[in-house]
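Engineer: Sharing a structure with you now.
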Number of protein chains: 2
Amino acid sequence: MATPLEQALATVVSTFRKYAELSGGKHGLCQAGLKELLQKELPTWTPMGLRECDYSAFMSVLDTDKDCKVDFVEYVRSLACLCTFCHDYFEDVTPMTPCSQ
Amino acid sequence: MATPLEQALATVVSTFRKYAELSGGKHGLCQAGLKELLQKELPTWTPMGLRECDYSAFMSVLDTDKDCKVDFVEYVRSLACLCTFCHDYFEDVTPMTPCSQ
């Protein structure tokens, strides 16, 4: 059985694939696919009420090679940045003892 | 409730933190910590019977700034490479229909 970290990596890969296929191909996310992925898979990190121009700006930042799609390397780079932000944010926080209930 | 992708990112962050603390600090994995993380959290990707010199070589590849520890950015970069390898490997495979049972 896969460990939590192995399952996490599989989720990163399969989530991209799901939304790339909704975008009409396996090789990248169009803006609509990226928007749907953000809203459905990263709702905690996606503010409510973003406008289409906000998604367009986000797409522009992620699409570093400017081919009008977010490919896997660009997608995983953005997740790595998100992880690094979380790590830095919580780095000096002492973990709380889990609740007994 | 967190989505699978949000849980995946949390797992990436918390796994590093767990093994960094075992390594004696929050800021990086020593070679023993890296070895334990690989063996316990990524067993599918860690060949049986690796020698200490193999872990040392792996440590050397990951530790790009040569400070004798694998920091979070180096760790997450290696996971991103692993995800990219999996994505490329499965890119042209047609997903199988899930079993009905």
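The values are calculated or read from the model by the stated rules, or taken from the named source; none is laboratory data. Every value quoted in this text rests on a predicted model; they were computed, and no experiment measured them. Counting neighbours? That spans all protein chains shown, and the Cβs are built from the backbone with ideal geometry, glycine included. Quick note on the areas: whole protein, heavy atoms, side chains included, nothing else; ligands and nucleic acids left out. Shrake-Rupley method; radii C 1.70, N 1.55, O 1.52, S 1.80 Å.
Engineer: Please give the Cα centre distance for the stretch B:1-75 versus the stretch A:9-69, rounded to the nearest Å.
Structural biologist: Distance between centres, Cα-based: 28 Å.
Engineer: Any idea what angle helix A:52-62 forms with the longest principal axis of chain A, computed on alpha-carbon atoms, 0 to 90 degrees, nearest 10?
Structural biologist: In chain A, helix A:52-62 runs at an angle near 80 degrees to the longest axis.
Engineer: Moving on to the next point. To the nearest whole number, what is the average tally of beta carbon atoms from other chains within 10 Å of the beta carbons of peptide A:37-50?
Structural biologist: What the average comes to for A:37-50 is 2.
Engineer: Another question, if that's okay. Within chain B, which is the longest segment that contains none of the trypsin sites (Lys or Arg not before Pro) sitting in a DSSP loop with at most 13 other Cβ atoms within 10 Å?
Structural biologist: Here the longest run is B:1-50.
Engineer: Quickly estimate the mean residue ellipticity at 222 nm for the protein assembly as shown, helices only: each DSSP H run with n ≥ 4 gives -39500 (n - 2.57), and the total goes over all residues, rounded to 500.
Structural biologist: Calculated mean residue ellipticity at 222 nm is -19500 deg cm²/dmol.
Engineer: Taking a ≥ b ≥ c as the square roots of the eigenvalues of the Cα gyration tensor of chain A, is the shape rounded (a/c under 1.5), prolate (a/b larger than b/c) or oblate?
Structural biologist: Prolate is the answer for chain A, as a/c is 1.5 or above and a/b outweighs b/c.
Engineer: In addition: Using the alpha-carbon atoms, what tilt in degrees (0 to 90, nearest 10) does helix B:31-41 show relative to the longest principal axis of chain B?
Structural biologist: 20 degrees
Engineer: Report, as an integer, the average count of C-beta atoms from other chains found within 10 Å of each Cβ along B:67-77.
Structural biologist: Per residue, the average neighbour count from other chains is 3.
Engineer: Here's a follow-up. Considering the zone a paramagnetic label at A:Leu22 would reach in this model (a point 7 Å from Cα along the Cα-to-Cβ line), which residues of the stretch B:9-52 have amide N under 19 Å from it?
Structural biologist: It comes to B:9, nothing else.
Engineer: May I pose another question? Just to verify a number: what accessible area does A:Cys53 come out at with the full protein assembly present, 1.4 Å probe, Å² rounded to tens?
Structural biologist: Ignoring ligands and nucleic acids, A:Cys53 comes out at about 80 Å².
Engineer: Report the relative contact order of chain A, percent, no decimals, based on alpha-carbon pairs under 8 angstrom and at least 6 residues apart.
Structural biologist: It comes to 22 percent, rounded to a whole number.
Engineer: Let me confirm the definition first: pairs of Lys residues in the protein assembly as shown, 8 or more apart or on different chains, C-alpha distance under 23 Å. How many are there?
Structural biologist: Lysine pairs satisfying the spacing and distance rule in the protein assembly as shown number 24.
Engineer: Next question, about the same structure. In debye, nearest 20, what is the charge dipole magnitude of the protein assembly as shown about its Cα centre with +1 on Lys and Arg Cβ and -1 on Asp and Glu Cβ, if you could check?
Structural biologist: 340 debye
Engineer: So, in nm, how far is label A:Cys53 from label A:Ala10 when the simple model puts each one 7 Å beyond its Cα toward the Cβ?
Structural biologist: 4.4 nm
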